[in-house]
């Protein structure tokens, strides 16, 4: 098979929580960065015309069988299809047309409820504006939490897929292209949480860079993949665990003193300045306010959002042409939709704009106590 090799960015949504699963040889992290040649060969041909025999001759039958087992490919008779959402540059205009107008209309619905939403957010006495608090509570917690939970509950999207390997995950691929970067990297839909016991160090923003936050630090450290950008943070973190950081954050948020080294590390991560939290702190007594915001949003948004997903099955995009499970495509489309809604809310000045950090992308941080 002759084909032009494209380059792809891979995104993994996994439910792997123990070390045994993380070290499984079929964990997509072990192969997802080398998928570009195979995916390029598949998408170079019309869906339904790719023969298993041709792929096996070119890439080896063991490799193709493994990709089928891992849910990257699907075999139907003698033909092979993509079995995980893959978005090509040619899909960009369809995605933009379908989701951009929908996101604008949904953002307008949210803005129409400015008075009750600002009143609720204004009751959170943490020293930050309603706009900043709503950035976290609405754009992050509600859109990437409560709303996605409702969509899963209503069987509109899938949060994962159990594979024959025993692992549960979704793998998403985007062709590297400026037209698609808008959807894969530059939307406000990336939520990182470093959680220990009753404290979470959070950041929410886009994926347009390598965010220097706690979650990524510990994830990369576990994989022995820390980059030089983390050098100063790594120096401050010597001998400290995630639990040390969250314990210190909890103490500082309560006006108490904390272990000096942990405080310095929190300063390096940007959660603390001059020994005090410099980001919003959300406490258990704020939960009732968040639930009220969540209830209001769900009441006005669920039907319009569900209607957007009704139209996905008819879009002529690569996942549809390969009959990738609709609910898995819908999962990524939800990230495109709510990220676009969040961008519209920022542009309208309804929520605080995230800070742009060179090399890291745009994000804002907060501390959540439970």
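Kindly indicate whether residue 53 is at pLDDT below 95 and assigned to a helix (DSSP H, G or I). Taking the combined requirement at face value, the residue does not satisfy it. A single entry from 332, 343 fulfils the requirement of being in a helix (DSSP H, G or I) and touching a helix residue (DSSP H, G or I) at 6+ places or on another chain (Cβ under 8 Å): 343. Checking 309, 338 one by one, the residue that is modelled with pLDDT of 95 or more and either part of a helix (DSSP H, G or I) or under 16 Å from the mean Cα position of the chain (by Cα) (or both) is 338 and no other.
Checked against the criteria, residue 137 counts as in the same structural domain as residue 355 (by the TED database) and closer than 14 Å to residue 297 by Cβ. The set of residues in region 159-188 that are part of a loop (DSSP other than H, G, I, E, B) and modelled with pLDDT of 95 or more comprises 176, 177, 187, 188.
Taking residue 37 as the residue in question, decide whether it is in a loop (DSSP other than H, G, I, E, B), out of contact with any strand residue (DSSP E or B) (no Cβ under 8 Å at 6 or more places or on another chain) and not assigned by the TED database to the domain that holds residue 223. When the stated conditions are applied, residue 37 does not pass them.
When 122, 48, 104 are checked against the criterion of being touching a helix residue (DSSP H, G or I) at 6+ places or on another chain (Cβ under 6 Å), surrounded by fewer than 17 Cβ atoms within 10 Å (Cβ to Cβ) and free of Cβ contacts under 8 Å to residues at least 40 places away in the same chain, 122 stands alone in meeting it.
Residues in region 66-121 that are assigned to a helix (DSSP H, G or I), touching a strand residue (DSSP E or B) at 6+ places or on another chain (Cβ under 9 Å) and farther than 30 Å from residue 136 by Cα: 67, 68, 89, 90, 91. Could you check region 125-137 and list, in sequence order, the residues that are surrounded by fewer than 24 Cβ atoms within 10 Å (Cβ to Cβ) and part of a helix (DSSP H, G or I)? Those that are surrounded by fewer than 24 Cβ atoms within 10 Å (Cβ to Cβ) and part of a helix (DSSP H, G or I): 130, 131, 132.
Of the numbered criteria (1) surrounded by 18 or more Cβ atoms within 10 Å (Cβ to Cβ); (2) closer than 16 Å to residue 168 by Cβ, the one residue 13 fails is (1). For region 228-241, state whether one or more residues are at pLDDT 95 or above and touching a strand residue (DSSP E or B) at 6+ places or on another chain (Cβ under 9 Å). Yes, some residue in region 228-241 is at pLDDT 95 or above and touching a strand residue (DSSP E or B) at 6+ places or on another chain (Cβ under 9 Å).
When you go through 207, 229 one by one, which is the residue that is in contact with a helix residue (DSSP H, G or I) (Cβ under 8 Å, 6 or more places away or on another chain) and either part of a helix (DSSP H, G or I) or within 22 Å of residue 143 (Cβ to Cβ) (or both)? Steps first, answer last, please.
On the way: 229 fails: in contact with a helix residue (DSSP H, G or I) (Cβ under 8 Å, 6 or more places away or on another chain).
The unique qualifying residue is 207.
Taking the criterion of being part of a strand (DSSP E or B) and at pLDDT 95 or above, would at least one residue in region 256-272 satisfy it? Within region 256-272, one or more residues are part of a strand (DSSP E or B) and at pLDDT 95 or above. Do the conditions hold for residue 36, that is, is it at pLDDT 95 or above and surrounded by fewer than 16 Cβ atoms within 10 Å (Cβ to Cβ)? Here the answer is no, as residue 36 does not meet what is asked.
Looking at region 57-67, can you tell me whether even one residue there is modelled with pLDDT of 95 or more, within 16 Å of residue 318 (Cα to Cα) and not assigned by the TED database to the domain that holds residue 144? Step through it out loud before you land on a result.
The initial filter retains those residues of region 57-67 that are modelled with pLDDT of 95 or more, namely 57-67.
Still in the list and also within 16 Å of residue 318 (Cα to Cα): none.
No.
Residues of region 215-226 include at least one that is closer than 16 Å to residue 364 by Cβ and crowded, with 18+ Cβ neighbours inside 10 Å.
The values are calculated or read from the model by the stated rules, or taken from the named source; none is laboratory data. Treat the numbers as computed from the prediction; the structure is a model and nothing was measured. Quick reminder, even Gly has a Cβ in these numbers, built from the backbone with ideal geometry, and neighbours come from all protein chains shown.
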